[in-house]
Structures are given as C-alpha cells and as structure tokens.
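First up is the structure itself, then whatever we jot down about it.
The values are calculated or read from the model by the stated rules, or taken from the named source; none is laboratory data. The structure presented is a predicted model; accordingly, all values stated were derived computationally and were not measured. Methodologically, a virtual Cβ is constructed for each residue, glycine included, from the backbone with ideal geometry; neighbour enumeration extends over all protein chains shown.
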Amino acid sequence: MTSAPLGGRHGAGRGGSIYDLGYRVYEGPRLGRRAAVAALLRHTLRTAYGLGRSARSKIMPVGLVLLATLPALLAVGVIVLFAQFAQSDAAAGAADALSPVRYSTIFPFTAVLVFLFSASQAPELFGRDQLANTLPLYFSRAISRSDYAVARMLGLLIALLVLVLAPQLILFIGRVLVASDVMTGLADELPQVPTALLVGFIIALLVGSLAAAIAALTPRRSYATVAIVAVFLIPNVFAAILVSLDIGLFGQLAVLLSPADVLDGVNAFLFDSRADNITVRRARLEGWTYLVAAAIWTAASLAVLLRRYQRLAA
Amino acid sequence: MTTEAPSQAAAISVEHVSRWYGNVVAVNDVSFSVGPGVTGLLGPNGAGKTTLLHMIAGLLAPSAGEVRVEGRPAWRDSEMYRHVGLVPERETVYPFLTGREFAIANARQQGLADPGAAAERAIALVELGDAADRRVGTYSKGMRQRIKMAAALVHEPPVLILDEPFNGMDPRQRLHMFELLRRMAEQGRTVLLSSHILEEVERMAESVLVIYAGRLAAAGDFRSIRRLMTDRPHVFHVRSTDDRRLASELLRLDCVFGVELDAKGLTVRTADLGQLTRHLPRIAKDTGISLRELRPTDDSLESVFAYLVGR
Amino acid sequence: MSLVALEGLTKRYPGGVTALDGLTLTVEPGIVGLVGSNGAGKSTLIKILLGLLDASSGSAAVLNLDVATQGLAIRQLVGYMPEHDCLPGDISASDFVNHMARMSGLPSASARERTAEVLRHVGLFEERYRPMGGYSTGMKQRVKLAQALVHDPRLLLLDEPTNGLDPAGRDEMLDLIERTGTEFGIAIVMASHLLGEIERVCDYLVAIDAGRLLRAAALGTFTQHTGTLIVEVDERPDDLAARLQADGYVVRVDGSQVLVVIRGDATYDHVRDSVIDLDLALLRVEPRRASLEDLFRDAAPKEEAA
C-alpha cells in the first residue's frame, strides 16, 4: 500500500511506514434477515450431511444416501446387463417389466433409510443448539425465532429430498440411457417425473417436520432418536392389528395414525399403483384420505415446531 | 500456620501428598498444615486446588502421602465427615427438594439428634429463612450457593472447606458471607476456602496457600511472603507538590534504582523497603515538599500472586 | 443520544416473582457497570434490552430504538456475551465465529476477514482451529466475546464476562474490555457481581436492588474522598495517633492504620513531620475513598427473587 517503491536505488524509498493494526470499524454491507436465513439454511444443509465436521458425522447421512441408491443402481444394472446380452428391446423390456424396482416402489424399499436419516440428523439440527445453549446467540441477532425454525426446517427438508430423490434420479437416468434411443426414453420416463417429485416432496415434508418437532421437544439426542424411530415403526404395528381385526371404520382410520402407513398410502395413490403394504391394502381407504392425513400430520408438526421455538426461554 | 511437619492434631495436615491420574500429576508432593482462622487456597485454573480440597474432605484418596483432619486420616474414615463441612463447586443440590428439605436431609445424614432444629439454625445463618420452603430448582445461583453452605453447616463442623463459594452471589450476599466466615473463624473454626477473587481473599484470610502446577508455591501471610521476595523490587506510587524535584532527590539514595515520572505522579522502585520508607519523609521535609499520596502498588495479594505464578 | 432509556420498566414472572419494578433511568454512552442484588434483575434487564424477553409493562429504548417495536433493528447494532456456556463442542472457534458473522448479515468475504481480525483482538491464535470442546474457560470466554464483536456492534452487552476465570484470565479479560470501550470506541454495558471489576473498568454505574433502581450515577460520584487520610507506619501506630490527637486532629486507629480527618493542606506535612519526630518509617499516605461496597452495605436486604 506504499506508493513509493521500497529499496535504496531510487533514493526516495528510504523511509518506513507503520500500518495501524488496531480495531477497524466495519463499514461494509450489512445484508438483512434474508441473508442471515440463507446462511443458516446453508449451514443446516452442511450439518445434515456432516460437511465441515469430523468424518464420523458423515458416516450416517452419506452412508444412508448410498444405501438408498443401491436398489436403483441394482435395477439399472440388471436392465443394462439384459440389454447387453439379450440384443433385443423386447427382452430388455421384459426384464424391465419384471424388475421390482420402479418409481412407485423406490419409496417403500428405502422408507426405513429415510426414517433413519431423520432420526439421526434431526436431533443434530434441532437438539444440539438447545443442549449447548447456543440459541441466545442466534436470537440476539437480527433474525426472529421463527426465522430460525424455518431455516432449520427447510434445511432438513432439502437434505431429505436429496435422500428421497437420488434413487429416483438414478433410475430415471438409467432407464433413459438404456432405451432404444434417448428421445423415446425421455418420452417414456418423463410423465412419471412430476409424480415422483411430488411424492418425494410429500415424504420429505412429513418425515422432516415430524422428526423436527420431536427433536425440538426432546433435545437429548438419544431420546430424540429413539422417539423418532418409534413414531415411524411402532404405530404401524397397532394399525396392522386394528385393521386386521376388521372392526369397521375405526379400524380403517387407525391406519392414518401411523405416519409410515400414511406415506405408503400416498405413494400408492399418487402413482396409482397397488401398495405392497398389507395394512394399507386391508384398510381400503380412499386414496385422498392419505393425502389429507399427510397434510394434517405435517401441519401439526410444523405448528408444534414453531410454537416450541417461540416459547423457549432464551 | 506452618509448612514444616505439623504439630499434633492441627486442624488440617497434609504431608507429602501427591495425586496422579495415570501420567497426569494433579498434586505433586504438597505439605502444609492449616489451623483455626480463614486460610485462602489460591492458584490458576487446573493447578490442583479442587483435587486437594477433595482429598482433604475425604472424597478422594491421595496417591501418596497422608491427609489428616483433626488428627484422623481423611480417607476411609466415616467419622471424619462429622468434623468437616464441604461446600463443593459443582451443583450438588436436587432441584426438586425445598431448601429446608435439603438441609434436613443433610442433617439426618450426619446422624444429628434433632435434624429439624439443626437445619433451621443453619438456614438462619445463611439468611435463607424466607425462601426455605421453595424448591431449590427455583433458586438463583447465589441462593443455591447459600443452601449448599447451610447443608455444610448443619452439623457445626470445626473444619469448613469451600470451593469457590461466592460464585453467583451479588455484592450484598458476598458481604454477608465474609462476615459469616469471619465470625466462624473467630469462634475457633478452621475455614479453608478456594477462590479466584483475590481482593476478597485478601480481606478475609489471614494466610494463604498458593498452588501452582500441583505444587505448593508459597504459604503464609501474603505480606510476609511479599517481603521474602527480595529479588522483586518493591514498587511505590508517590504524589507530591514537586514530583520532579522529589524524583531527583530519591535517585540519590542507594536503595532506589528506578524512578518513573508521569502525569499521575512518581513510580519508585526500591530494593530496600525499610530504607526508602524511612528516608522518604525526611527528604521531603528537608526539601520542603509535601507528600500527598504514598502507596505500595505491588503489595496486594493480586501482585504477590502474579509474581508467584510467574506471569 | 442515550444508550439506554428505561421508563417504568416492569417484569413480573408467572409465579409472582417481580424481577424488575418500575425501573426508570437514562444512560449515556460509555462503559456502564450493572450490578444487581436480591434478585434476577440484571439478567432480566439484559434480556429485555435484547428483545429475548417481553416486559410486563413500561418501555425501554436502546440507542433510541424502542425495544418492543424495533427489536430487529436493535439486534443489528448490539453484541451479546451471555453468562452461561453457549458454545457447541465440535466445531472450531474460527468456524463458529464465522457462522455467527454470517448470521449477523455480513457477506461471506467480510465475515471471514472480520472473524480473523476479531479472534486476533481477543487473543486466540492457533487454537482457533481446534474444536471448542477442548478449550479452557478462558478461551471460551474469549470466543464468546469475539462472536459479540465480530459484526462491529455499537453496543456490547456483557453478562459476567470474568465468570470462571482465574486471576490472570480475569486481568486479561478486564484489560480487553477496557480497550474495547476506550480504543475501539464501542459502548459497553457490563453486568457483574464484583464491585472491584466495576470500579476498575467502568465509568458509570447502575445498581438495581430487588428490581428497583438503587442508584445510577457516574462512578466518580461513588468513590469520592471522604475527607479522611489513611496513614500506615512500620510500628507503634498508637504513638502516632496520640501525637496527632495531642496536636488537635481527630484520629482513629483501625488495626495497623491510623485514620486522620483532614484539616486543610497542612495536615499532610503535620503527619510527615510527626512520623519523623517519632523516628518511624512511613508506609502509606492515602486519602480514603468511599467504595461501591458502602452503597450495598447501607441498603437493607429484601426478599429475594429467583
């Protein structure tokens, strides 16, 4: 930052300068709430996948994503092999028809992985700040309490979307590439895409908001994880029993109290396919009831989440 | 209070005590004895104070050496607990009990004949009478400290050990506690207290023990300790009606080897405290200078501590 | 422009505890000490100023912005250092303070630069890249201060900043606070239980007792001369006292100290000469100042709030 060149040759540069290393006032831009929320969202996403942390924190999330993509990878692999060896489209088409892995079955295959991801990561995102008492540092900044909750929720939602849609994406790409030509492939596969996206979104939203609400209410990691796993694995048992007892509407509605079954129902309804889930088949409810149930579960969870952060003592 | 081999039944006697955890030596061959009165235990964080206090309270065994309280070994002697009251640093109160319940529980644990009365007395001592029926979970930090103190006092132990007892107490509560501890010391009790707030320890304690890196760095009255530090010159602040003249006169003294002059007055460094304090008024009178302020600036417990801990 | 202006500020918690009771005062920018006794008044006040808590009644303004309606604007300009532990254990100070800077609205590059600067100012060097779980209390307190300073606030709210620090750490933190208030030019409100700290660092004091204002004034007014001179000699203080008394001075002996009521400038020379005549050494001559403690000693204790 000196204007005169240093060194003796030019004669003028013999002097020295001292630069003030003291505290500097910040006169740069101060972006508002939006930027802060965006930063928190980014931070949440990174935390959800263990980025910027120790290797240990990456194992669960990344591992689960890899596991989730396995069925799709396998399915694509099988189709490719058939296409190679069969030398005919008909054979490849038959293989495809026999493959149990389709857009409509990806979710049931990977459901447990999605639940596990939420059970593993939601406590990180919603419990840790409470346990470490870091919330006052957030709330004393220029964001509101609901900004914080919303940013964290969006982060978890996007993280879950990645998990839920990655296998679908792989399946899509695989099938397009294996088709006789790309244009036909696209024409065949594209109609399914909006449905897959919609189902994926609903799954991520319901699982995410429910896990978030539980994690926010029970900051202790171990309790939260167990509670989240429980909410996706235990009501199914009761629902199955109640439905099989065949006691009429009450029994049928019991299915709606099990989030996992609701999601299976939504999946089946929107893909217009037959659910593999016995309880859902037995309940024989109208498809739209699952959508309504999903909406209620989500809305209730989000309300609980927001209220929790409004009322937390900072 | 001495540092040599303790006489019979000093209230607290620590002889060549060490404590290690694997390779980490928390307390390293420490010996001292403590008698009635208030003694301060000082040291940087991690120096081994809490370990030492827990050994004295009988909660931890020394890895080497002996700790005795009123002549009895501190470790594995259940009778010993009747002689000692400990106010630990950590939170040890159950939040769902009321203050009174907590005190009574401790009184019962001590096997007192009338736990209720003992608890009342202790609660009155710490002035928690109004809040004694509220649950401890609703107490402020200062109140929790006081109820811990009441619990340590129910059995009126002759030896009281306190680890950072004033943490969280507001100024009035602190003043009250100083007076309480001083009164107890005057009754002949032995109070050993560890604190980081040196200006408070200075007022309460007649003698101090300074622990640094697990070793005993100094023991005794801190002013005497200061005088023992002959390699550290004494530093004085002087303000007079003619500082510059006074400065040049003082520099004539052999015992003075540094004088600094600034807007607030003179800072004088001397190797010989006694000489300077004798000569200063005489020089001032002879030169017609009036002394407005004279005070040692490194005589406080803070300075002594800083010198010992080698900052 | 006032730093903090309160008007009848009251906070009652459910359960009947009144933490703040009709507090009215105005504070000018500077380094302000906040002392509370008999209740949770000071923490409650800080939380209300930050908008973390709602008042039951009355109003408060920070930097001329109303706490109830302009909370967001206030929080842009304020930095907060809480009393309790608040740092996550598994990320480094550098990453954490950077994140906090982004949360305060600083763009990415500025956040990085400010983080590096501020960590240097608080004295954290290589350790800033290690996870905070392994930090000592002193280091954690520094990080807490750093995150409060990183967005260059106009006002710093420090709650018990030296809590848990050993004497050396306390000294360094108080120096840092003093520098921040004087060199960095940032207004500070520092809550503390330790009057010594407040006397050392602050220029204004607000004392709250059981939720009510006990006193609010510049520190100088509390620690004025009492008109008494403290004299210490090496031995025989009673002889000196007797001599001065005989010469017409009002004298009292307190332990090793001889306290003389000052009667004009001549008093100093008289003491000096008496010391010489009695062949004593003069250890101390110091005008006695009132201390903040007297303020708390005098007021009567009240029922305590949690």
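Sub-9 Å Cβ pairs linking a first residue in region B:240-252 that is in contact (Cβ under 8 Å) with a residue 60 or more places away in the chain and hydrophobic (A, V, I, L, M, F, W, C) to a second residue that is in a loop (DSSP other than H, G, I, E, B) and buried (at least 19 other Cβ atoms within 10 Å of the Cβ), at least 6 apart or interchain, number zero.
For region B:125-220, please list each of the helices (runs of 4 or more DSSP H) lying entirely inside it that holds at least 2 residues being more than 14 Å from chain C (Cβ to nearest Cβ) and of a type in the set (Gly, Ala, Ser).
Values: elements: B:141-153, B:171-186, B:198-204.
Correct list: B:141-153.
Scanning region B:53-65 finds one or more residues that are buried (at least 16 other Cβ atoms within 10 Å of the Cβ), without any contact (Cβ under 8 Å) to a residue 60 or more places away in the chain, assigned to a strand (DSSP E or B) and away from chain C (no Cβ under 14 Å).
Just for helices (runs of 4 or more DSSP H) wholly inside region A:174-288: which have at least 2 residues that are within 30 Å of residue A:149 (Cα to Cα)? First the steps, then the outcome.
Numbers: elements: A:182-189, A:192-217, A:221-244, A:249-254, A:259-271, A:278-283.
By residue number, A:192-217, A:221-244, A:259-271.
Does residue B:18 satisfy being surrounded by fewer than 22 Cβ atoms within 10 Å (Cβ to Cβ), within 30 Å of residue C:138 (Cβ to Cβ), in contact (Cβ under 8 Å) with a residue 24 or more places away in the chain and of a type in the set (Ser, Thr, Tyr)? In short, yes.
If I ask for residues that are outside any helix (DSSP H, G or I) and more than 20 Å from the chain's Cα centre (by Cα), which ones from region C:124-159 would you list? Before you say what the answer is, go through the steps one by one.
Here is the first cut: in region C:124-159, the ones outside any helix (DSSP H, G or I) are C:124-125, C:130-131, C:135-136, C:150-159.
Residues satisfying the conditions are C:124, C:125, C:130, C:131, C:135, C:136, C:150, C:151, C:152.
Report yes if residue B:266 is of a type outside the set (D, E, K, R), out of contact with any Gly (no Cβ under 8 Å at 6 or more places or on another chain) and in contact (Cβ under 8 Å) with a residue 40 or more places away in the chain, otherwise no. No.
Note on region C:38-53: among residues that are more than 9 Å from every other protein chain (Cβ to nearest Cβ) and not small (Gly, Ala, Ser), the one that is surrounded by the fewest Cβ atoms within 10 Å (Cβ to Cβ) is C:46.
Total residues in region C:96-117 satisfying the condition of being facing chain A (nearest Cβ under 7 Å), within 23 Å of residue A:133 (Cβ to Cβ) and not in a loop (DSSP other than H, G, I, E, B): the figure is 4. Identify, please: which residue in region B:273-288 is within 7 Å of chain C (Cβ to nearest Cβ) and small (Gly, Ala, Ser) and is, among those, surrounded by the most Cβ atoms within 10 Å (Cβ to Cβ)? Among those residues, the one meeting the criterion is B:284.
Scanning region C:245-286 for residues being within 13 Å of chain B (Cβ to nearest Cβ), over 22 Å from residue B:237 (Cβ atoms) and assigned to a loop (DSSP other than H, G, I, E, B) gives a total of 3. Residues in region B:289-311 that are within 20 Å of residue C:273 (Cβ to Cβ) and either more than 9 Å from every other protein chain (Cβ to nearest Cβ) or modelled with pLDDT under 85 (or both): B:289 only.
For region C:78-95, enumerate the residues that are in a helix (DSSP H, G or I), facing chain A (nearest Cβ under 9 Å) and out of contact with any Gly (no Cβ under 7 Å at 6 or more places or on another chain).
First, the residues of region C:78-95 that are in a helix (DSSP H, G or I): C:93-95.
Checking which are facing chain A (nearest Cβ under 9 Å) leaves us with C:95.
None - no residue of region C:78-95 is in a helix (DSSP H, G or I), facing chain A (nearest Cβ under 9 Å) and out of contact with any Gly (no Cβ under 7 Å at 6 or more places or on another chain), so the list stays empty.
Among the residues making up region A:39-56, those that are more than 8 Å from chain C (Cβ to nearest Cβ) and either in contact (Cβ under 8 Å) with a residue 60 or more places away in the chain or not small (Gly, Ala, Ser) (or both) are A:41, A:42, A:44, A:45, A:46, A:47, A:48, A:49, A:51, A:56.
Considering every residue within region A:27-39, establish whether at least one is of a type in the set (A, V, I, L, M, F, W, C), modelled with pLDDT of 75 or more and in a loop (DSSP other than H, G, I, E, B). Walk me through it before giving the result.
Going through region A:27-39, the residues of a type in the set (A, V, I, L, M, F, W, C) turn out to be A:31, A:35-39.
Add one more test, that the residue is modelled with pLDDT of 75 or more, and what stays is A:31, A:35-39.
Now restrict to residues that are in a loop (DSSP other than H, G, I, E, B): A:31.
Checked region A:27-39: at least one residue is of a type in the set (A, V, I, L, M, F, W, C), modelled with pLDDT of 75 or more and in a loop (DSSP other than H, G, I, E, B).
Against the criterion of being touching a Phe, Trp or Tyr at 6+ places or on another chain (Cβ under 9 Å), hydrophobic (A, V, I, L, M, F, W, C) and at pLDDT 85 or above, residue A:65 qualifies. Give region A:117-148 a look and list any residue that's over 20 Å from residue C:90 (Cα atoms), part of a helix (DSSP H, G or I) and facing another protein chain (nearest Cβ under 7 Å), or say none. Answer for region A:117-148, where residues must be over 20 Å from residue C:90 (Cα atoms), part of a helix (DSSP H, G or I) and facing another protein chain (nearest Cβ under 7 Å): just A:139.
As a summary of the residue check, residue C:152 satisfies the conditions (1) free of Cβ contacts under 8 Å to residues at least 40 places away in the same chain; (2) more than 9 Å from every other protein chain (Cβ to nearest Cβ) except for the one numbered (2). Of all residue pairs spaced 6 or more apart or on separate chains, those with beta-carbon atoms under 8 Å, a first member in region A:24-38 that is at the interface with another protein chain (Cβ under 7 Å from one of its Cβ atoms) and a second member that is at pLDDT below 85 are A:25/C:185. For region B:84-91, the count of residues that are in a helix (DSSP H, G or I), within 29 Å of residue C:17 (Cβ to Cβ) and either modelled with pLDDT under 85 or in contact with a helix residue (DSSP H, G or I) (Cβ under 7 Å, 6 or more places away or on another chain) (or both) is zero. When region A:135-166 is limited to residues that are polar (S, T, N, Q) and touching a Phe, Trp or Tyr at 6+ places or on another chain (Cβ under 9 Å), the one that is farthest from residue A:68 (Cα to Cα) turns out to be A:140.
Does residue C:186 meet the test of being surrounded by 20 or more Cβ atoms within 10 Å (Cβ to Cβ) and within 14 Å of chain A (Cβ to nearest Cβ)? Taking the combined requirement at face value, the residue satisfies it. Taken together, the criteria exclude residue B:302 from residues that are among the acidic types (Asp, Glu) and touching a Gly at 6+ places or on another chain (Cβ under 7 Å). Just a yes or no: is a residue in region B:298-310 under 30 Å from residue B:25 (Cβ atoms) and assigned to a loop (DSSP other than H, G, I, E, B)? Among the residues of region B:298-310, at least one is under 30 Å from residue B:25 (Cβ atoms) and assigned to a loop (DSSP other than H, G, I, E, B), which makes the answer yes.
If you take the residues in region B:239-284 that are in a helix (DSSP H, G or I), under 35 Å from the mean Cα position of the chain (by Cα) and of a type in the set (A, V, I, L, M), which one is farthest from residue C:269 (Cα to Cα)? Filtering first and then ranking leaves B:273.
Rundown of residues vs (1) within 13 Å of another protein chain (Cβ to nearest Cβ); (2) touching a Cys at 6+ places or on another chain (Cβ under 9 Å); (3) crowded, with 16+ Cβ neighbours inside 10 Å, yes/no style:
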site: C:8; (1), (2), (3): no, no, no
site: C:16; (1), (2), (3): yes, no, no
site: C:28; (1), (2), (3): no, no, no
site: C:33; (1), (2), (3): yes, yes, yes
site: C:36; (1), (2), (3): yes, no, yes
site: C:55; (1), (2), (3): no, no, yes
site: C:58; (1), (2), (3): no, no, yes
site: C:62; (1), (2), (3): yes, no, yes
site: C:68; (1), (2), (3): no, no, no
